[in-house]
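The values are calculated or read from the model by the stated rules, or taken from the named source; none is laboratory data. Every value quoted in this text rests on a predicted model; they were computed, and no experiment measured them. All Cβ positions, even for glycine, are placed from backbone atoms using ideal geometry, and neighbour counts span all protein chains on display. To get the accessible areas, we keep the full protein, side chains included, count just its heavy atoms, and leave off ligands, DNA and RNA. Shrake-Rupley method; radii C 1.70, N 1.55, O 1.52, S 1.80 Å.
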Amino acid sequence: MTDESRAHAWMLKYDRPAGVWEEALPLGNGHMGAMVFGGAVKEHIQLNEDTLWAGFPRDSNNYEAQRYLKKVRGLLGAGSYCEAEELVNAHMLGVNTQPYLPLGDLYLEYQGVEEAGGYQRRLDIDSGIATVGYHTTEGAFTREAFISAPDGVCVVHTASQARGKLNITVSLDSPLKHKVQSSGDQKLIMRGQCPTHVADNYHGDHPYPVQYEEGLGIGFELQLQAVVTGGSVRAVDGKLVISGADSAVLLLAAGTTYEELKHKAGHIRGGQAAALTPAENCAQRLSAALRRSYEELRRRHAEEHQAIFRRVDLDFGGREAEALPTDQRLAAYREGKEDPALEALLFQYGRYLLMGSSRPGTQAANLQGIWNPHITPPWNSNYTTNINTQMNYWLAEVCNLSECHEPLIDMIREVSVTGARTAAIHYGARGWVAHHNVDLWRSASPSGGDASWAFWPMGGVWLSSHLWEHYAFNPDLEYLAQTAYPLMKGAALFCLDWLVEGTDGLLLTSPSTSPENRFVTEEGRPCSVSMGSAMDMSLIRELFGNCLQSAQILGVDEDFRNRLEETLSRLSPLKIGRDGRLQEWFRDFTESEPGHRHVSHLYGLYPGNLINERETPELLEAGRLSLEQRISSGGGHTGWSCAWLINLYARLKDGAAAYGFVRTLLTRSVYPNLFDAHPPFQIDGNFGAAAGIAEMLLQSHLGEISLLPALPDHWKDGRVLGLKARGGFVVDIVWQDHALVSAKIAASKEGLCSISYSCGLKLQLPDGTVTEAGGPVHLKAGESLLVSA
């Protein structure tokens, strides 16, 4: 894509420094994250590293849980739901996961800029560079910051227009236990230790929530190297003092002992020992970066970033407001002003954030992506696998960021190891299991708390859907055979052992919850534990289907296929209740909270595809009624829940409703820096919104490429370039006056391509012939299909 073909200068801009964290601007390369506040007199850059978590390798399994499984199932079969729930809460739960932690803070204190004016702060998400500019009586001052993926360092460049006027004190700090020391006159080193345990302390009732233990926990190191042009730099009391300089470059590298601890424990994946200590790792990256000029570091970073970011471009028009600061645009939007370019920015910002928090070889994006300033963060900033972790990756494939999906797949592989022990210890089952929380140590057991959220052994089943989706968008038999299918088969083996026969002879899950929701029993009591929730049965049916399809493609496991087919024929089906809505539970219970934020029973509509207009129109209509009732009762009130509604209505091909929730999210559920507000900050809403906007423009879940399936009236004219469809097809679409003008379908893999639209289409085949759209077209890798209305 050429610069001339790009729709926007993708920019967040402000005319004042950030006053709070939710106004700061994010940078990241997957391994390291930063939040840039942009102060003129005192710059603050808060830092994160993806493997910096509390805790250490330990066994979190509950060895007594299996003792009570048969009794719980008996109580549920007898209709004693509350008694069963009490037994689960008392004996079948576990301990909470450990939190993701902040690394520390970089401060730059400037002298002689107290009377700064003309302030501006920018984040160019097209280049991944944050800038600050202002002027004083001495001239202009500028600062740039980025985190380089190719060089593995954070880079800060600061300069003064007037020669010799740059006077800065540079320091490091951390909320964790640490020490800072200088190494020569141009280098600072911060070494520290993570706590071995951080207790949940939402109510402030724990006297000692953060615990450190000698010799346990992750160690970390942050190294900072200064390079100045003009002037001097010297170390004073653990700080660097830059005096009389024209410009300065600060290079930062961070490392931890996580790989060493993981290798010693051997319980995650038996990985290899770290080749380098954190000190050696940091020093090696800094040494390599020092051999390059600032201009070369900047160029290498921008080129690598843009090679990924510029795969997709989006234009809804309406760019008049782009000159305004982003917070002012948000304020006007909340007052009802139209700003389609802000909606496009929300989409591209989601892609930018996934690039910054999830790259090959890094940890997966957590609840806060990679950006967290708290030792006791909301919900431990962990992997919440009953919706939030999965939502983080809904955009990965369709938004042409397939390699950003890899850290989640790596995490699934590791969880399958710990989850195999949990399946055996907790349930006497084969395969592997995960529940609703996972952390760096790949805890797969139930957390503590309440069964309504903690007891949900379908986390691994939902995660497994991402293994298939990655294959569907990137057909690769080696990946399917060596990675996706073995992991999906393991999850399926657990399900085969977990299913029990109900009174009607059909198979269902027991015990079962619908994540975080409750029903009302006949006695009028709220309860979460029953049997065969709609989500459980949808997930298992989908997993078995994906395993069958995979085994057939690979030509393996005939006996296993036969077992899956026989089991599928006996699975308890989804049901429609007396009021026409899709039942969330196996009985038509009254909901305890009609406006609950989760809509788990609609999984089969999105992100699944078992509920669709072609094969299950009755369930589709029941799902629509369920959605309407949930929303009218107050549902969709959190940022991520609102994002899910965008995707659900896109699948219902209701562009007006989907757009309404795009607008709701931007109006009600974002902070000034466009971070999603649960509240507090959770990044899933950013990712879910980007996925939903893509789903409004392109769908491919039913074996065909559907163009503009949920285009709203508000996006009258526009274009999108580079979205991805299942089968490995890259799609460009142009529309005008709400109607398709043209599209291009480019095949990255050989395969059959079917296209659907609301009216007839003409196709120009690779050989130049033109025909009416009908059946599938065979395309070889590298060939394209041109489409016109």
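Subtracting the Cα-Cα distance of D185 and Q482 from 0.36 nm times their residue separation leaves 101.8 nm of extension gain.
The mean sequence distance of close C-alpha pairs (under 8 Å, at least 6 residues apart), as a share of the length of the chain, puts its relative contact order at 12 percent. The length gained on full extension between A9 and A331, counted as 0.36 nm times the residue separation minus their Cα-Cα distance, comes to 113.8 nm.
Against the criterion of solvent-accessible heavy-atom surface with a 1.4 angstrom probe, E469, E49, E214 sort, most first, into E214, E469, E49.
Take the chain with all the other protein chains still there, run a 1.4 Å probe, and you get 35 Å² of accessible area per residue. Among R351, R614, R291, the order of accessible area from largest down is R291, R614, R351, computed with a 1.4 Å probe on protein heavy atoms. Hydrophobic, long helices, defined as DSSP H runs whose alpha-carbon span along the helix axis is 24 Å or greater and whose mean Kyte-Doolittle value is at least 0.5, occur in the chain at 340-357, 534-554. For the stretch 38-161, the spherically averaged projection of the C-alpha convex hull amounts to 14.1 nm². Applying the criteria of a DSSP loop state and at most 11 other Cβ atoms within 10 Å to the trypsin sites (Lys or Arg not before Pro) of the stretch 539-586 yields R578.
Here the alpha carbons of the stretch 642-750 define both size measures, Rg and Dmax, at 14.6, 45 Å.
Please state the relative contact order of the stretch 26-179 as a whole percent: Cα pairs under 8 Å, 6+ residues apart?
Averaging sequence separation for qualifying contacts and normalising by length gives 25 percent for the stretch 26-179.
Of the two radii for the stretch 452-549, the radius of gyration is 1.07 times the Kirkwood radius, both from the alpha carbons; that is the Rg over Rh value. The GluC sites (Glu not before Pro) of the stretch 681-789 meeting both criteria, a DSSP state outside H, G, I, E and B (loop) and at most 15 other C-beta atoms within 10 angstrom of the site's C-beta, are E750. Straight Cα distances below 27 angstrom link K780 to the lysines K724, K744, K749, K762, with same-chain residues fewer than 8 positions distant left out.
Taking 14 Å as the straight-line reach from the Cα of K239, the aspartates and glutamates in range (excluding those fewer than 8 positions away in the same chain) are D105, E109, D173, D185. A Förster radius of 41 Å combined with the Cβ-Cβ distance from H135 to T277 puts the calculated FRET efficiency at roughly 0.40. For the set E221, E304, solvent exposure ranked by accessible area (probe 1.4 Å, protein chains only) runs largest to smallest as E304, E221.
Here the accessible area of the chain is 48 percent carbon and sulfur, with a 1.4 angstrom probe and all protein chains present. Shown here for the stretch 677-740: trypsin sites (Lys or Arg not before Pro) in loop regions (DSSP other than H, G, I, E, B) with at most 16 other Cβ atoms within 10 Å, namely K716. Cross-link partners for K70 among the lysines, with Cα-Cα distance under 28 Å and sequence neighbours closer than 8 places in the same chain left out: K489, K575. Going through (i) 43, 33, 24; (ii) 58, 32, 25; (iii) 72, 30, 24, the figure that equals semi-axes √(5λ) of the Cα gyration tensor in Å as computed for the structure here is (i). Taking 0.36 nm per residue of separation and subtracting the Cα-Cα distance, full extension of the segment from T229 to D497 would add 89.8 nm.
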